[in-house]
Amino acid sequence: MAGKRKGEGKKKSGGRKGPDGKGGSAGRGVRKKASVDVPAGSGQRLSGTSRYLTDVMEIFRTLPGRPLNARQVASTMGISDRDIRDMLHILMREQVGKGTLVEVGRGRFMMPGQESDQKERRGPKNRGRKGPSTGESVTGTIQITKYGKGFVSVPGQDDDIMIPKGHTGTAFWGDTVEVGWMKRGRKEVPYVSDVIKRARNLYVVMLQPVKDYAFGIPTDKRLHRDFLIPARFLNDAPSDVKVAVRLEDWASPDDPPIAQVVEVLGAPGVHEAEMHAILLEYGLPYHFPEDVEEEAEAMSKELDPAEIKKRRDFRKVTTFTIDPEDAKDFDDALSVQSLKNGNLEVGVHIADVTHYVRPGGRIEEEAIERATSVYLVDRTIPMLPEVLSNNLCSLRPNEDRYAFSAVFELDKEGEVVKEWFGRTVIHSDRRFTYAEAQERLETGQGDLAEEVQQLNDLAHKMRARRFKAGGIDFDTEEVRFRLDDEGRPVEVLIKRMLDANRLIEDYMLLANVRVAKWISGCKGQRPPGGVYRIHDSPDPTKLKALRMFVAQFGYKMPDTEPGKAHRAISQLLKMAEGKAEEGIVKQMAIRSMAKAEYNTENIGHYGLAFEHYTHFTSPIRRYPDMMVHRSLQHYLDGGASIDTAVLDGPCAHSSEREKRASEAERASIKYKQVEFLGGRIGDEFDGVVNGLSGKAVYIELEENKCEGYVDIRDISTDRFSMDSERQCLVGLHTGQEIHMGAEVRVRVVRADVQRRELEFEWMGTNPT
């Protein structure tokens, strides 16, 4: 465990701390072993707490009457490593038990006999007070910054409750907490009075052993405390590996959380270990319980002739799927046939998952909990067992399959003349990849080329109407990877939307809109009682910020009401199309928008400009789609309006799980981006500035869409400070300005796969 003194052995390019002062731009990562910083002049390595005891007690003797915490003691000793500070805290608590120190406040200690003039600071005497005026507590979800402040989101409240540093109690990011208020002078200060529910059961940490215990350093940068793992809880885990730990005890925020190792994931940088770590970081499963798999395997693999007779038969109608090349679950298919009146009948056929998955079963319970499939760079973590997702429910080619269908008669303008919803049986004639379908559109050659072209012609017309109505085109480039046999990225691929992709999207949108409209009972015969995909109008403050931002590129956005701003945003994106700033303008426009979610209250979908919208088309991978299928069948059978209270909980849960899955996907992409550029240290790239702070410039590389940062202290042309009002960096001597969207040249100098961070060297701005 031999360690290095400060500054020893650092590379020039990577020695600078990141913009957060902890080695990178996005928070804490894996620190060095606890042998890096030792008392000045001691020359000793860390081998337990006893070696520090003499120095600690000497500090208390030389500073009589002054209460000290672990941070102050460590600073006096010349120690900056937080692991050692945590250890010093434990050491000082041990001395309280031995009578050599006394605790006079939260984590503050003195020599015995020196505490008489010190006031107790263990917290206000009225900690039982529950609220500032009502006398009641509130419950919500907490987010904790790296600086220790907390923000609690309470359902039904517009504004978050800000929890001051030191008052977040034993909460972690994402926990459900109870907030109370304490009296501080004339003010009532909020604090976390209790943790109601943990956001996750397991935490991923890097294991850093000392002598009699180990530290668990969270890989999730949002977790603000390290874990202490006693020897009895290590369970023979080796040193310096990633492990999953379970929180065993955290009685006081003054003490470190105690955890136990439950699973060894593997060495950092190993592909399987990292993918499993990402899933665990976000509280996502990577295998099914045995009883769920057993229930799925027991299902009949044959279609029931009696069931087929109950359904509309589309097996003789031309039908095909269009999906990505690596797709395994096919949850939608299109059928097409020309009618005698010149119109086109288009069937949007969706996997009939709810025929197999019934309420009350273990598969249903697991689907509710998972709520969505998760897509990492190298794998899919399905919502349903593979026997269902990839076989029974999947609309595979040349096999009869049950479907739940929305069938439309469309005129030559793509307007709906007639519609029908119900259960069907289909037979897919062809499985197209997007590339194969695109080839049919571009060449007019190949099997089913005419049918694909017919669908595309009407899709263009439907899309034009949607954009004319105010729908916003937020299509962005997606990053994919070509991996070798060991999971290492060898090539970055940029997925761009082509007509074949848009064709499928347009027909799925059509089905989702028409199903939502039908369920809502818009003609007045039926009150709304269903699940909707809603998207609220933008916040006025964010719209104002967007207008100010795009003004630097010469774009003028009219100052309109949020509910009418979609046309202005759509026009803005058209003006930026094909220009260097297109990506950053689209990114900032997305940031100005609200987040889409599932809800039983139908407020419409702002971004798509739909009054009615739901998710009907992907029940294999989304639980809300299963809820919609059941609601639709209920109403088709003449059922009464559904009690929305039954649906509210699953809607909220599905929205939250969707967010987690998206974050996990981005984390896996970021990891592979950093891993990919780790083999290109020293290479130069063109990039675009896509973020600014007072400490760093954030840049997306044009060639491969990888993102990293430049520490502003390393820009040699000037000293820069942030102009928050104008959202740019300004040179203090030259007046040089660095704006969002600026084209720059950078060199890769550091790729830290553990922190998922890329650091660049600033080579200069590119002329425009």
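For the chain, list the DSSP H helices whose alpha carbon atoms reach 30 Å or more along the long axis and whose average Kyte-Doolittle value is -1.0 or above?
The qualifying helices are 499-520, 645-677.
Quick one: check the C-alpha center-to-center distance for the range 557-632 versus the range 60-94, whole angstrom.
Rounded to whole Å, the Cα centres lie 52 Å apart.
Of the DSSP beta bridges with both residues in the range 371-521, give the percent that are antiparallel, rounding to the nearest 5.
Counting DSSP beta bridges with both partners in the range 371-521, the antiparallel share is about 95 percent.
Taking the beta-carbon count within 10 Å as an exposure proxy, list 508, 57 from fewest neighbours to most.
Taking fewest neighbouring Cβ atoms as first place, the list is 57, 508.
Could you work out the relative contact order of the range 202-267? I mean the mean sequence separation of Cα pairs under 8 Å and 6+ apart, divided by the number of residues, in percent.
33 percent
Find the centroid of the Cα atoms in the range 442-506 and in the range 173-233, then give the distance between the two in whole Å.
44 Å
Arrange the following residues from fewest to most other Cβ atoms within 10 Å of their Cβ: 331, 323, 485, 240.
So the residues, fewest neighbours to most, are 485, 240, 323, 331.
When N counts the residues of the range 138-197, how does its alpha-carbon radius of gyration compare numerically with 2.2 N^0.38 Å, as a ratio?
That ratio works out to 1.02.
Which order do peptides 478-484, 501-507, 387-393 fall in by mean Cβ count within 10 Å, highest first?
The packing order, highest mean first, is 387-393, 501-507, 478-484.
Tell me the label only: which of [x] 1.00; [y] 1.15; [z] 1.60 is Rg/Rh (Cα atoms, Kirkwood Rh) as calculated from this structure?
It is the value labelled [x].
Which value in deg cm²/dmol, rounded to the nearest 500, describes the helix-derived mean residue ellipticity at 222 nm for the chain, given -39,500 (n - 2.57) per DSSP H run of n ≥ 4 and division by the residue count?
Estimated from H runs of four or more residues: -8500 deg cm²/dmol.
Just check the range 202-267 against the gyration tensor rule for me: Cα atoms, a ≥ b ≥ c as the square roots of the eigenvalues, rounded for a/c under 1.5, and otherwise prolate or oblate depending on whether a/b exceeds b/c.
It is oblate, given that a/c is not under 1.5 and a/b is not larger than b/c.
If contacts are Cα pairs under 8 angstrom and at least 6 residues apart, what is the relative contact order of the chain in percent?
Relative contact order for the chain comes out at 9 percent.
Going by the alpha-carbon gyration tensor, a ≥ b ≥ c the square roots of its eigenvalues, is the range 406-468 rounded (a/c under 1.5) or, if a/c is not under 1.5, prolate (a/b greater than b/c) versus oblate?
Verdict is oblate for the range 406-468.
Rounded, prolate or oblate for the range 129-284? Axes are the square roots of the Cα gyration tensor eigenvalues, ordered a ≥ b ≥ c, and the cut-off for rounded is a/c under 1.5.
prolate
Quick one: 63, 234, fewest Cβ neighbours within 10 Å first, how do they rank?
Taking fewest neighbouring Cβ atoms as first place, the list is 63, 234.
Place the peptides 343-351, 443-451, 86-94 in order of packing, highest mean first, counting for every residue the other Cβ atoms within 10 Å and averaging per peptide.
Highest to lowest by the protection proxy: 343-351, 86-94, 443-451.
Please go through the residue pairs 495/517; 495/670; 495/672; 328/461 and name each one whose alpha carbons sit more than 21 Å apart in this structure.
495/517; 328/461
With charges set only on the Cβ (+1 for Lys and Arg, -1 for Asp and Glu), what does the dipole of the chain come to about its Cα centre, in debye to the nearest 20?
Dipole of the chain, to the nearest 20 debye: 3400 debye.
Taken together, the values in this text are just the output of simple stated rules run on the coordinates, not laboratory data. Computed from a predicted model, the values in this text were never measured in an experiment. Backbone-built Cβ (ideal geometry, glycine too); neighbour counts: all protein chains shown.
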